[in-house]
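**Q** Got a structure for you, questions after.
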Amino acid sequence: MFLGCTKELSSVLKAIELLKTSIIERSLDEMVFQEAMSFAEPNELYISLVDKTSLEVKAEFSHSFPEEFKDDLLTIARVKKFRNINLLKSLCKDRNPLSDISIYDLDNPNSNFLTLVAFNNMRSNRTAPASYLIELILPYLHKAQISRYQSDKSIRSPIQSLTNREKEVLDWISSGKTNGEIGMILGISQYTVKNHVAKILEKLNAPNRSAAMALSKELGFS
């Protein structure tokens, strides 16, 4: 199987090392993605990190991938909950016979995300087509996406703007405690708790306590 495809396998090994570094450094970007996928056609590359619950794209990188086709592909994928891979492959091949698609971690109950990759087999070796080689690096692409997404989310998280005391109050709000109960727990007045809650709502841009609770859960705070 590997005879005659030494160059492609060498590219895969380099891609894996590159992606391992990007996982640690949380540095996956379009340039790293293109380099990791160097064994495939450099055009029409697309990768997305999808939340399994909401089916929303949380992060994506694209190089010369038609925006309209990407939107159509994701729309149909969401309708099928990303489970009809053959349909998605057919859509790609109807547009371009050499186009293909892969999905990773869809059925892993311990992961909240899946990774979708669309690519072109044009430059691939017949012995080791890109559709085969991509399977070797997909686990690392997936982890690199998650690492970068979590880093970006942490940086832009409004939770970081809260003081330590406000985080304590938010934690107790998320536990369903009233202002009076929080005051007793923290040894502060109910009026002080009320002021903390007001500042928390303002910083999180939340209209009420329920919205603040939902946001803190989404951001992984509670």
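**Q** If I ask for residues that are in contact with a helix residue (DSSP H, G or I) (Cβ under 6 Å, 6 or more places away or on another chain) and of a type in the set (K, R), which ones from the range 19-55 would you list?
**A** Within the range 19-55, just R26 meets the criteria.
**Q** If you check D72, D100, which single one turns out to be modelled with pLDDT of 90 or more, assigned to a strand (DSSP E or B) and of a type in the set (D, E, K, R)?
**A** Sole residue among the options that is modelled with pLDDT of 90 or more, assigned to a strand (DSSP E or B) and of a type in the set (D, E, K, R): D100.
**Q** Return only the number of the condition from (1) out of contact with any strand residue (DSSP E or B) (no Cβ under 6 Å at 6 or more places or on another chain); (2) farther than 25 Å from S147 by Cα; (3) surrounded by 15 or more Cβ atoms within 10 Å (Cβ to Cβ) that T75 does not satisfy.
**A** (3)
**Q** Just checking, does the range 65-81 include any residue being touching a helix residue (DSSP H, G or I) at 6+ places or on another chain (Cβ under 9 Å) and among the β-branched types (V, I, T)? Give the steps one after another, and end with the answer.
**A** Here is the first cut: in the range 65-81, the ones touching a helix residue (DSSP H, G or I) at 6+ places or on another chain (Cβ under 9 Å) are 66, 69, 72-73, 76-77, 80.
This time we only want the ones that are among the β-branched types (V, I, T), so: 76.
Checking the range 65-81: at least one residue is touching a helix residue (DSSP H, G or I) at 6+ places or on another chain (Cβ under 9 Å) and among the β-branched types (V, I, T).
**Q** Still on this structure, please answer the following. I'm checking my understanding of the structure. Among residues of the range 1-42 that are in a loop (DSSP other than H, G, I, E, B) and open to solvent by 70 Å² or more (accessible area, probe 1.4 Å), which one is farthest from A77 (Cα to Cα)? Give the derivation first.
**A** Initially, the range 1-42 is screened for residues in a loop (DSSP other than H, G, I, E, B), giving 1-5, 26-29, 37-42.
Then drop every residue that is not open to solvent by 70 Å² or more (accessible area, probe 1.4 Å), which leaves 1-3, 26.
Numbers: M1: 32, F2: 33, L3: 36, R26: 27 Å.
Among them, the one singled out is L3.
**Q** A further question follows. Among the residues of the range 150-179, how many are open to solvent by less than 30 Å² (accessible area, probe 1.4 Å) and either touching a Phe, Trp or Tyr at 6+ places or on another chain (Cβ under 9 Å) or more than 23 Å from L49 (Cα to Cα) (or both)?
**A** Final tally of qualifying residues: 7.
**Q** Same structure again: Assess whether Y132 counts as being part of a helix (DSSP H, G or I) and within 18 Å of the chain's Cα centre (by Cα). Steps first, please.
**A** On the way: part of a helix (DSSP H, G or I): yes; within 18 Å of the chain's Cα centre (by Cα): no.
No; evaluated as a whole, the condition is false for this residue.
**Q** Still on this structure: Taking F61, is it in contact with a helix residue (DSSP H, G or I) (Cβ under 7 Å, 6 or more places away or on another chain), aromatic (F, W, Y) and open to solvent by less than 60 Å² (accessible area, probe 1.4 Å)?
**A** Numbers: in contact with a helix residue (DSSP H, G or I) (Cβ under 7 Å, 6 or more places away or on another chain): yes; aromatic (F, W, Y): yes; open to solvent by less than 60 Å² (accessible area, probe 1.4 Å): yes.
Answer is yes for this residue.
So that you can scan it fast, the table gives a plain yes or no per residue for (1) in contact with a Lys or Arg (Cβ under 8 Å, 6 or more places away or on another chain); (2) within 28 Å of K153 (Cβ to Cβ):
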site: E166; (1), (2): yes, yes
site: D171; (1), (2): no, yes
site: N179; (1), (2): yes, no
site: Q190; (1), (2): no, no
site: N205; (1), (2): no, yes
site: S210; (1), (2): no, yes
site: A214; (1), (2): no, yes
site: K217; (1), (2): no, yes
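**Q** Select from the range 189-218 the residues that are open to solvent by less than 40 Å² (accessible area, probe 1.4 Å) and assigned to a loop (DSSP other than H, G, I, E, B) and list them in ascending order.
**A** A206
**Q** What's the number of the condition I146 fails, among (1) in contact (Cβ under 8 Å) with a residue 40 or more places away in the chain; (2) outside any helix (DSSP H, G or I); (3) touching a strand residue (DSSP E or B) at 6+ places or on another chain (Cβ under 9 Å)?
**A** Among (1) in contact (Cβ under 8 Å) with a residue 40 or more places away in the chain; (2) outside any helix (DSSP H, G or I); (3) touching a strand residue (DSSP E or B) at 6+ places or on another chain (Cβ under 9 Å), I146 violates only (2).
**Q** Right, another one. Looking at the range 8-21, can you tell me whether even one residue there is among the acidic types (D, E), in contact with a strand residue (DSSP E or B) (Cβ under 9 Å, 6 or more places away or on another chain) and in contact (Cβ under 8 Å) with a residue 40 or more places away in the chain? Spell out the reasoning first.
**A** To start, the set of residues in the range 8-21 that are among the acidic types (D, E) comprises 8, 17.
Still in the running and in contact with a strand residue (DSSP E or B) (Cβ under 9 Å, 6 or more places away or on another chain): none.
No, that holds for no residue.
**Q** Would you say L106 is free of Cβ contacts under 8 Å to residues at least 60 places away in the same chain and either closer than 24 Å to D29 by Cβ or crowded, with 17+ Cβ neighbours inside 10 Å (or both)?
**A** Here the answer is no, as L106 does not meet what is asked.
**Q** Please enumerate the residues belonging to the range 81-103 that are among the small types (G, A, S) and without any contact (Cβ under 8 Å) to a residue 12 or more places away in the chain.
**A** Step one: of the range 81-103, the residues among the small types (G, A, S) are 90, 99, 102.
The one that is among the small types (G, A, S) and without any contact (Cβ under 8 Å) to a residue 12 or more places away in the chain: S90.
The values are calculated or read from the model by the stated rules, or taken from the named source; none is laboratory data. Since the model is a prediction, treat every value here as computed from it, not as a measurement. All Cβ positions, even for glycine, are placed from backbone atoms using ideal geometry, and neighbour counts span all protein chains on display. Please note that ligands, DNA and RNA were not included when accessible areas were found on the heavy atoms of the full protein model with its side chains. Shrake-Rupley method; radii C 1.70, N 1.55, O 1.52, S 1.80 Å.
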